[in-house]
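Here's the structure we're looking at; comments come further down.
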Amino acid sequence: MADFVAGQLKDRVRIRPSVYSQFTLFSEQQTNNLLQIAMDSHGDSRDYMGRHVLPAPGAVKSIVEESDVINRLAAAHGLVFRPDNEALLLYYQKSDWVPLHIDDQLEYEFNLLTMLRRVKTSEKSRTATYFWGADGEFMATDLNVGESVFFHANYTPHGRPPLPEGEEVVLLAVGMGRPRE
């Protein structure tokens with residue numbers, strides 16, 4: 001599988017998934033506010049690709065803008081993003097998962113995932129987001145609350161296996177695209 005992925009992606013831009021430590025991109029207060037909004041809005045989510053998804057309410061988008069995370073990521077990675085972006089809340093519970101996939105490159109080429117809630121059944125539990133790099137490298141990120149991962153979502157296959165009984169994950173996903181030519 002690694003050789004297949006590497007062969008398919010070898011001529012494309014490679015930006016390795018970058019993990020940002022706890023409360024680096026969003027403060028602890030912003031993370032708590034995002035979680036509260038996510039929990040209050042969970043009933044409005046819909047099943048999509050094995051987990052529940054909700055387009056982020058305006059209050060989430062305000063926190064994303066307030067954090068200046070998009071401009072900070074652009075500067076850190078030498079990129080330019082369009083002013084529009086997409087923010088989603090992703091909810092995973094027992095047996096929820098998302099298959100290995102790449103995102104729609106016509107819209108949002110890059111993605112930022114930030115952990116808002118993580119319930120584990122034990123410290124040994126590991127239900128990470130998995131990434132296959134263009135070099136065939138495999139990476140798993142089991143984020144803690146307030147940690148984030150930024151990646152080239154339309155060139156990096158990624159997914160999450162089913163969560164076991166008693167576990168829960170709530171993520172903020174922010175999609176960003178380069179200017180259209």
DSSP loop chymotrypsin sites (Phe, Trp or Tyr not before Pro) in segment 83-146 with at most 14 other Cβ atoms within 10 Å of their Cβ, which ones? 97
Compute the Cα gyration tensor for segment 56-143, then decide on rounded, prolate or oblate, letting a ≥ b ≥ c be the square roots of its eigenvalues: rounded whenever a/c is under 1.5, prolate when a/b is larger than b/c in the other cases, and oblate in all that remain. oblate
Residue 140 to residue 76: extension gain in nm, 0.36 nm per residue of separation minus the Cα-Cα distance? 20.9 nm
Scan [x] 35, 15, 13; [y] 39, 20, 12; [z] 24, 21, 15 for the value of semi-axes √(5λ) of the Cα gyration tensor in Å calculated from this model and give just the label. [z]
Diffing segment 138-144: the Karplus 3J(HN,Hα) column from phi (6.51, -1.76, 1.60, θ = phi - 60°), in whole Hz with x for Gly and Pro, holds 9, 9, 10, 10, 9, 5, 8
If you take the beta carbon distance between residue 32 and residue 68 as r and set R0 to 30 Å, what does 1/(1 + (r/R0)^6) give as a FRET efficiency, to the nearest 0.05? 0.95
Taking segment 41-179 and dividing mean pair separation by its residue count, relative contact order in percent (alpha carbons under 8 Å, at least six apart): 36 percent
How much accessible area does residue 156 have with a 1.4 Å probe, in Å² rounded to the nearest 10? 10 Å²
Given a Förster distance of 41 Å, report the FRET efficiency between residue 126 and residue 181 from their Cβ-Cβ distance, rounded to the nearest 0.05. 0.50
Rounded to the nearest Å, the spacing of the alpha-carbon centers of segment 129-181 and segment 42-57 is 17 Å
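The values are calculated or read from the model by the stated rules, or taken from the named source; none is laboratory data. Computed from a predicted model, the values in this text were never measured in an experiment. With ideal geometry, Cβ positions are generated from the backbone for all residues, glycine too; neighbour counts draw on all protein chains shown. These area figures cover heavy atoms from the full protein model, side chains too; ligands, DNA and RNA do not enter into them. Shrake-Rupley method; radii C 1.70, N 1.55, O 1.52, S 1.80 Å.
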